[in-house]
Amino acid sequence: MDNATEQPLQETTEANYYGDYEEDIDAYLAKAQPCRPIVVERFARVFVPILYSFVLLLGILGNALVILVLGRYKRARRTITDTFILHLAIADLLLVFTLPFWAVEAVTSWVFGTVMCKLIGAIFALNVYSSILFLICISFDRYLAIVHAIHMYRKRKPIYIHVTCLLVWVFCLLLALVDLIFREEYNSSYLNSTVCTYIFHPDSAGAWKMTLRLAHHIIGFFIPMAAMLYCYCMIFKTLCHAQMFERQKTLKVVVALVVVFVACWLPYNAVLFVDTLQSLGTIQTHCAMLNILDISRTITQSLGLVHCCLNPLLYAFIGVRFRGEMVKVLVNLGCLKKKLVASRRGGKSKRASSAISDSETSTSHSMIW
């Protein structure tokens, strides 16, 4: 896809160049990419449904559990970070709900109509961007709490936190308007398939493509990566100077957050950058390379989508208090037996319990840190 707001399935490298008339669209496609992407289609029919099913399952289980745990947690005891993580889990959950539609398109074609094309595309775009921006909010919150030890920041009225979350959602909704306006169901004779994609006039298609890609690179990767690296480098430096044993686990979490984000999204952005260069004619390509490039984009974007499954693990499941609340939820749902939980707790030593208590106290009472 040409940016993070485009659907996971990569129809063709130039699929965003659709114009107003069918014959003009297919003529433009044939000129832009003279290779019929048969290899890409066969690969996508197998790879996309399998991986998206995996992401869908883990994404629903992980993020739904985070929402249940944080939802039952009293507001008075919920920290600012917990609030951001709740919104992050909602964004990731809504994101994975769109994956079955793209999986069906990969196997057959788009069969859901233009209205659903616009709606699903907009939901996908909205939650991709909001998920990434809430990571920045979490990073900045931890930066203020640990590096500057701003306790008054953590005691502010909840209205400011809700306003921040609302602004993130509104901003991402504005970005998703591109999908609501320009996405259409299109039956392409060149592709021999019905797809859900952007429909731009050929005269302005190139400008739109570059604009959307620039927005993805800046908003969807470079700004979040720069913000996270700065915040977590300062956190890492502060915790190292503190020389506290209880902070060692937090240091590992800091490293994991940055490594996982970069590992998930850097490959896709690198492939997308190469694709941009070939679109501009900077590098010479041939049919085999174009097919490899399309397959690489499908794989690397799928890797980026896996990040929404890892967010619950990184931001929630590592917290001792969160695990305690999670056990209570699972017991209430009948997934765990009280006797088994009680026996396992009873087997723990007092020393371990004391260490856990100290660790939780030293991390501003958040369920994650």
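No lab work stands behind these numbers, since they all come straight from the coordinates. If you're wondering where the values come from, they're calculated on a predicted model, not measured in any experiment. Ideal geometry is used to build each Cβ from the backbone, glycine not excepted, and the neighbour counts take in all protein chains shown.
Things worth noting here:
- Counting neighbouring Cβ atoms within 10 Å and putting the fewest first, the residues 105, 184 line up as 184, 105.
- Whole-Hz couplings from phi, Karplus 6.51/-1.76/1.60, listed for segment 225-237; x for Gly and Pro: 5, 5, 5, 5, 4, 5, 4, 6, 5, 5, 4, 4, 5
- Modelled spin labels at residue 282 and residue 237, positioned 7 Å past Cα toward Cβ, are 3.2 nm from each other.
- Order of 326, 289 - criterion: other Cβ atoms within 10 Å of each residue's Cβ, fewest first: 289, 326
- Amide H contacts of residue 185 (H built 1.01 Å from N, under 5 Å, at least 5 apart or other chain): 114
- In order along segment 40-46, the Karplus-derived 3J(HN,Hα) couplings, from 6.51 cos²θ - 1.76 cosθ + 1.60 at θ = phi - 60°, round to 5, 4, 5, 5, 5, 4, 9 Hz, and Gly and Pro are given as x.
- The H on the amide N of residue 193, modeled in the peptide plane, is under 5 Å from the matching H of 188, each at least 5 residues off or on a different chain.
- In this entry, segment 164-204 is assigned a mean projected area of 3.9 nm², taken as a quarter of its C-alpha convex hull surface.
- Each of 110, 169 was scored by other Cβ atoms within 10 Å of its Cβ. Listed from fewest to most, they are 169, 110.
- Qualifying trypsin sites (Lys or Arg not before Pro) in segment 51-128, DSSP loop, other Cβ atoms within 10 Å at most 10: 74
- Residue by residue, segment 106-119 carries 3J(HN,Hα) couplings of 5, 7, 10, 5, 7, 10, 9, x, 5, 4, 5, 4, 5, 5 Hz when phi is fed to the Karplus relation 6.51 cos²θ - 1.76 cosθ + 1.60 (θ = phi - 60°); x denotes Gly or Pro.
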